[in-house]
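Student: First, the structure itself, so that you have it in front of you.
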Amino acid sequence: MLAGITAHAATTNSWIAATDSYTNPAAWDVSSVPNGPAIVADIGNSGTALYDNTMLNQVQSLLLGEAGGSGSFNVSGGEL
């Protein structure tokens, strides 16, 4: 038994837009921008998320092309 360790399940937010800003809530299936240490951002619908120098987001994982799909993450600045 490991004392003091708490496991937290990650929540996955899936990209549903074609091409859009990463910070647009409408581009995600849960109408919420992935931002937090227990959040997984999944872009696997052949879409493209645009990320720029005004954005500061934290995620546990960024998945591109999950389960045989494809996805793009275009970074022009910012921190993820």
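The numbers here are math on the coordinates, done by the rules we state, and not lab data. Being a predicted model, the structure only gives us computed values, none of them experimental. Note: ideal-geometry Cβ built from the backbone for every residue, glycine included; neighbour counts use all protein chains shown.
Student: Please give the net charge around Asn13, taking every other residue with its beta carbon less than 15 angstrom from that of Asn13, where Lys and Arg add +1 and Asp and Glu add -1. Walk me through the intermediate numbers first.
Tutor: Working: positive: none; negative: Asp20, Asp29, Asp42, Glu66.
Local charge sum for Asn13: -4.
Student: While we're looking at this one, here's another question. Where both residues lie in the chain, what percent of DSSP beta bridges are antiparallel, nearest 5? Numbers along the way, then the final one.
Tutor: Details: 1 of 17 bridges.
Around 5 percent antiparallel, to the nearest 5.
Student: Among 38-50, 15-27, how do they line up by average Cβ neighbours within 10 Å per residue, starting with the highest?
Tutor: On the way: 38-50: 18.7, 15-27: 16.3.
Top of the packing list down: 38-50, 15-27.
Student: Now a separate question. I want the local charge near Tyr51. Using Cβ-Cβ distances under 14 Å, sum +1 for each Lys or Arg and -1 for each Asp or Glu among the other residues. Provide the component values of the computation, followed by the final result.
Tutor: Numbers: positive: none; negative: Asp20, Asp52, Glu79.
Residues near Tyr51 contribute -3 overall.
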